[in-house]
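The values are calculated or read from the model by the stated rules, or taken from the named source; none is laboratory data. Just so it is clear, the model here is predicted, and its values are computed rather than measured. In this analysis, Cβ positions are derived from the backbone assuming ideal geometry, glycine residues included, and neighbour counts consider all displayed protein chains. Just so you know, the surface numbers come from the protein's heavy atoms only, side chains and all, with ligands and any DNA or RNA stripped out. Shrake-Rupley method; radii C 1.70, N 1.55, O 1.52, S 1.80 Å.
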Amino acid sequence: MHPSPLQSQPLLHLLVELYGQQGDRRYGLAELNQRTHAVQAAALAQAQGEPSAMVVAALLHDIGHMLHGLGEHPAARGVDDQHEQVGANWLAQYFGPEVVEPVRLHVAAKRYLCATDPGYLSLLSRDSLESLALQGGPMRAPEQQVFRSRAGWRNAVALRRLDEEAKDPNGPAPDFSVFHDLIVSNHESFFGTR
Ligand SMILES: [Fe+2]
């Protein structure tokens, strides 16, 4: 069987392999795997009318967890995996800042929301709470100011809220292939069709 035109796209091929091979790994301590967390975050972004770059950012925001090689739950060993930097640096090879920067800032956004939204802490899953201290804890006021000066910080906050929501074993779980077209169009809109 010939691959579809989209599957012959090298980036898509890479992502399909990565999420196919590593997506079955458990998402931290949650009762769902990495792939379900990813597609659920993207489906929620779509349902909330987010622009396509945010849907792609939601889909790929934890790709760093699949690239860092530190195992399923490094926070339990006291290790901050810095998956947001690993993921953003990898994605920057393929996407523009509308996709990359919310991914880079989604852990900072958690620290920001912990400091500024009184109800937010109670929404955090057990593993997100566990990694919070390793990531620097709730942001202090000067850090909040720096965070708000970063491009894409509002989208990072929106992405972070989707991240918290997308841990529901009974929530939407579309097939990864539903997002193939969006991945390719976002890639091509930034890098052209070279
Ligand atoms: Fe996440």
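Take the stretch 17-49 and flag every residue that is modelled with pLDDT of 90 or more and touching a helix residue (DSSP H, G or I) at 6+ places or on another chain (Cβ under 7 Å).
Leu18, Tyr19, Gln34, Arg35, Ala38, Val39, Ala41, Ala42, Leu44, Ala45, Gln46
Among the residues of the stretch 149-171, how many are without any contact (Cβ under 8 Å) to a residue 40 or more places away in the chain and either of a type outside the set (Lys, Arg) or loosely packed, with under 13 Cβ neighbours inside 10 Å (or both)?
2
Hey, among Ala156, Ala108, which residue is of a type in the set (Gly, Ala, Ser), in contact with a Gly (Cβ under 9 Å, 6 or more places away or on another chain) and farther than 22 Å from Arg25 by Cα?
Values: Ala156 fails: in contact with a Gly (Cβ under 9 Å, 6 or more places away or on another chain).
Of Ala156, Ala108, the one residue that is of a type in the set (Gly, Ala, Ser), in contact with a Gly (Cβ under 9 Å, 6 or more places away or on another chain) and farther than 22 Å from Arg25 by Cα is Ala108.
Within the stretch 57-68, can one find any residue that is modelled with pLDDT of 75 or more, assigned to a helix (DSSP H, G or I) and away from the ligand (no atom under 16 Å from the Cβ)? Walk me through it before giving the result.
Of the stretch 57-68, the ones modelled with pLDDT of 75 or more are 57-67.
Okay, now just the ones that are also assigned to a helix (DSSP H, G or I), so 57-60, 63-67.
Still in the list and also away from the ligand (no atom under 16 Å from the Cβ): none.
So far as the stretch 57-68 goes, no, none of its residues is modelled with pLDDT of 75 or more, assigned to a helix (DSSP H, G or I) and away from the ligand (no atom under 16 Å from the Cβ).
In the set Arg140, Arg126, Arg111, which member is at pLDDT 95 or above, more than 14 Å from the chain's Cα centre (by Cα) and within 20 Å of Lys167 (Cα to Cα)? Can you show your working first?
On the way: Arg140 fails: within 20 Å of Lys167 (Cα to Cα); Arg126 fails: at pLDDT 95 or above.
Sole residue among the options that is at pLDDT 95 or above, more than 14 Å from the chain's Cα centre (by Cα) and within 20 Å of Lys167 (Cα to Cα): Arg111.
For the stretch 69-106, give me each residue that is modelled with pLDDT of 85 or more, over 14 Å from Ala151 (Cβ atoms) and among the β-branched types (Val, Ile, Thr).
Val86
Examine the stretch 154-162 for a residue that is modelled with pLDDT under 95 and within 16 Å of the ligand (Cβ to nearest atom), and state whether such a residue exists. Give the steps one after another, and end with the answer.
Going residue by residue through the stretch 154-162, those that are modelled with pLDDT under 95 are none.
Looking for residues that are modelled with pLDDT under 95 and within 16 Å of the ligand (Cβ to nearest atom), one finds none in the stretch 154-162, hence no.
Return the residue satisfying two criteria in turn: it lies in the stretch 80-100 and is within 16 Å of the ligand (Cβ to nearest atom) and acidic (Asp, Glu), and of such residues it is nearest to the chain's Cα centre (by Cα).
Glu84
Looking at Glu130, Glu143, Glu101, can you tell me which residue is assigned to a helix (DSSP H, G or I), open to solvent by 20 Å² or more (accessible area, probe 1.4 Å) and closer than 19 Å to His37 by Cβ?
Details: Glu143 fails: closer than 19 Å to His37 by Cβ; Glu101 fails: closer than 19 Å to His37 by Cβ.
None of the other options fit; the residue is Glu130.
Among (1) within 14 Å of the ligand (Cβ to nearest atom); (2) assigned to a loop (DSSP other than H, G, I, E, B), which single condition is Glu50 missing?
Evaluating Glu50 over (1) within 14 Å of the ligand (Cβ to nearest atom); (2) assigned to a loop (DSSP other than H, G, I, E, B) leaves (1) as the failure.
Just a yes or no: is a residue in the stretch 70-79 within 15 Å of the ligand (Cβ to nearest atom), without any contact (Cβ under 8 Å) to a residue 40 or more places away in the chain and under 21 Å from Val184 (Cβ atoms)?
Filtering the stretch 70-79 down to residues within 15 Å of the ligand (Cβ to nearest atom) leaves 72-75.
Still in the running and without any contact (Cβ under 8 Å) to a residue 40 or more places away in the chain: 74.
In the following step, the residues that additionally are under 21 Å from Val184 (Cβ atoms) were identified as none.
No; the residues of the stretch 70-79 include none that is within 15 Å of the ligand (Cβ to nearest atom), without any contact (Cβ under 8 Å) to a residue 40 or more places away in the chain and under 21 Å from Val184 (Cβ atoms).
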